1. Restricting attention to region 200-266, which GluC sites (Glu not before Pro) occupy a DSSP loop and are surrounded by at most 13 other Cβ atoms within 10 Å?
2. Take the Cα gyration tensor of the chain, multiply each eigenvalue by 5, square-root it, and list the three semi-axes largest first, rounded to whole angstrom.
3. Over region 260-371, what relative contact order in percent results from Cα pairs under 8 Å that are six or more residues apart?
4. With every protein chain in place, what's the accessible area of ARG503 (1.4 Å probe, Å², nearest 10)?
5. Considering the options ALA36, ALA20, SER148, tell which one lies farthest towards the positive end of the dipole of region 1-149, charges being +1 on Lys and Arg and -1 on Asp and Glu at the Cβ, about the Cα centre.
6. Expressed as a whole percentage, what fraction of the accessible surface of the chain belongs to carbon and sulfur atoms when a 1.4 Å probe is rolled over the protein heavy atoms?
7. Note down the Stokes-Einstein diffusion coefficient of region 355-494 in µm²/s, whole number, using a Kirkwood radius over alpha carbon pairs, 4 °C, and 1.567 mPa s.
8. Per DSSP H run of n ≥ 4, the term is -39500 (n - 2.57); total these for the chain, divide by its residue number, and report the mean residue ellipticity at 222 nm rounded to 500 deg cm²/dmol.
Amino acid sequence: MVNPSGPWRLREAPDGVAEALARELGVLPVTARVLAARGLADRAQAEAFLRPQLASLRQPGSLAGFPELVARLRLAVERGECIGVFGDYDVDGITTTALLTLFLRDVGAIVLPRVASRARGYGFGELDAAEFCDAGARLIVTCDTGTSDLAAIAVARARGIDVVVIDHHCVPDSAEHPAYALLNPHRPDSLHPYRGYASVGLGFLVAAATRTALREAGWFATRPEPEVRALLDLVAVGTIADLAPLTEENRTLVKAGLVELAARRRPGFAALVRRAEVDPARRLDEIDVGWRIAPRMNAPGRLGDATPALELLLARDETSADRFAAQCDDANHRRRTLQERVLEEARADVGPTPGAAIVVARRGWPAGVVGIVAAKLAEEHRRPAAVIAIDELTGEGRGSIRSFDGIDVYLALCAASTELIRHGGHAQAAGLSVAEERVPAFRDAFVAAVAAAPRVESRGLECDAVVSLGELEERVAVELAALGPFGQKNDAPVLLVRGARVRTAKTVGQGGAHLKLTLECEATRTSCSAIAFGFGADAPRTGASIDVAFQPEVNEFRGVRRVELKVRALRRAEPDA
């Protein structure tokens, strides 16, 4: 049988709470048990979670740097200043740049949008600052970068240009930041209760507040006022792609943003999902963002220039959107080929006995795929991994780090920072620049820091409720879907059936990789089909009694809809577990 690492745990619900929620909310007992197990103990809490409203978002003015940034942006619009908007080359940076560019243009501002180039290295550089200044920008807004880019901001400041930063990466220890305003929820002096924002969520709050400030100043007396809600599709895509927690403010923004995304009104997203061959009748969701939209948007930047992805989002018509979508799709195909080559070579370099962390580096690797390769190595070897691409001309290495097992790789990176040129990031993912000759010293320092880092105990597989097969009607799957969107820190509910009898079991898919089951409750003769992807080698015998952890999904075949169990784990029945 398959058993995930760590024990199976059943979330506890206070006595009587689920029954009261089912009665007061009019939901099924299964749904009420899940809500209660996730700490939503009263009707008001549960209703707010099931139906989050944008009006319930907490005021962002308590975010350190927010009032100053909004005031400076409003002033730039009123003065007619040229505003440079610079974003990182990942999806969060691109969507933030597009969101602010579209908003500022809609209120009549002059905007110069640009995204970072991997050829220049990580973040907002001194050359980027100088080019904005030379182009006539009087204000620069950095998106998803800037917190650690002190030298570049100082260059702009020396030339009399203000820089405001919208970012969510870790804040380095420094007495004073050179930016005119630093908006970062991780600032220690921030009083806002939520710190999980992606940069694009912060950008949306800035746009909404700037619109309010301009309205109060009479700016829209002779101009149309833009509808900022239409920008929420960008927020949903950027937040999901950046693996930001889908809790509290983020969940509210993303849930509303997925409604906008599903309407496919933005030409760029519509063109991209056509390229991904998504059924035009199907509602787009977080799965589409993570597996179809985000990889294609990331691909141009991974190969060197993220501009096609930015232009895709800025496109106002179907023709230009389709042109940039084709470029993104083509880049994604090329990225896959490069990624497989680098992954194969990196696996060979890891060796049979890696230490507390993996650090591999080679000349000739494209810097744009090292993050994906690091993530795969971290998962395969169950430890943090750093993959570094060495530039064959300059000898400078650019690398990405991915965490595993709750280890804060940013802190480990800081402990090894004396060996680096630059670094930045957050607990789960980070980036670095390092001279080739310093790679061995960095490896030693980073591995030692990871070895000394505290571990977070694996919680194993968490189940939300024990159910019977007879409870699994279609409405269960529909009601549980309302707990989404699912992602970081808001996992899809996992239900547990104990002692189900295996009526049929057969392997399916290429090489028999997957498992198709028919499960039966012997007492009631209720049956249900189940699919277990990747479990083909662990087929239970017919007649066996098993425990099944699963997510319920509605499957439609030839016009017939029924609930199917998407299996997360199987084991021999343990009635007292």
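1. On the way: sites: GLU216, GLU227, GLU248, GLU249, GLU260; in loops: GLU227.
Here the GluC sites (Glu not before Pro) that fit, given the DSSP loop and packing criteria, are GLU227.
2. Values: eigenvalues 350, 182, 102 Å².
In descending order, the three semi-axes are 42, 30, 23 Å.
3. Details: 112 pairs, mean separation 31.9, N = 112.
Reported relative contact order: 29 percent.
4. Looks like 100 Å² after rounding.
5. Toward the positive end, the furthest listed residue is ALA20.
6. 49
7. Numbers: Rh = 16.9 Å.
In µm²/s, the coefficient rounds to 77.
8. On the way: 18 runs with 218 residues, N = 577.
It comes out at -12000 deg cm²/dmol, rounded to the nearest 500.
The values are calculated or read from the model by the stated rules, or taken from the named source; none is laboratory data. Note that this is a predicted model, so its numbers are computed, not measured. Note: ideal-geometry Cβ built from the backbone for every residue, glycine included; neighbour counts use all protein chains shown. For the accessible areas, the whole protein counts, side chains as well, though only heavy atoms, and no ligand, DNA or RNA atoms are used. Shrake-Rupley method; radii C 1.70, N 1.55, O 1.52, S 1.80 Å.
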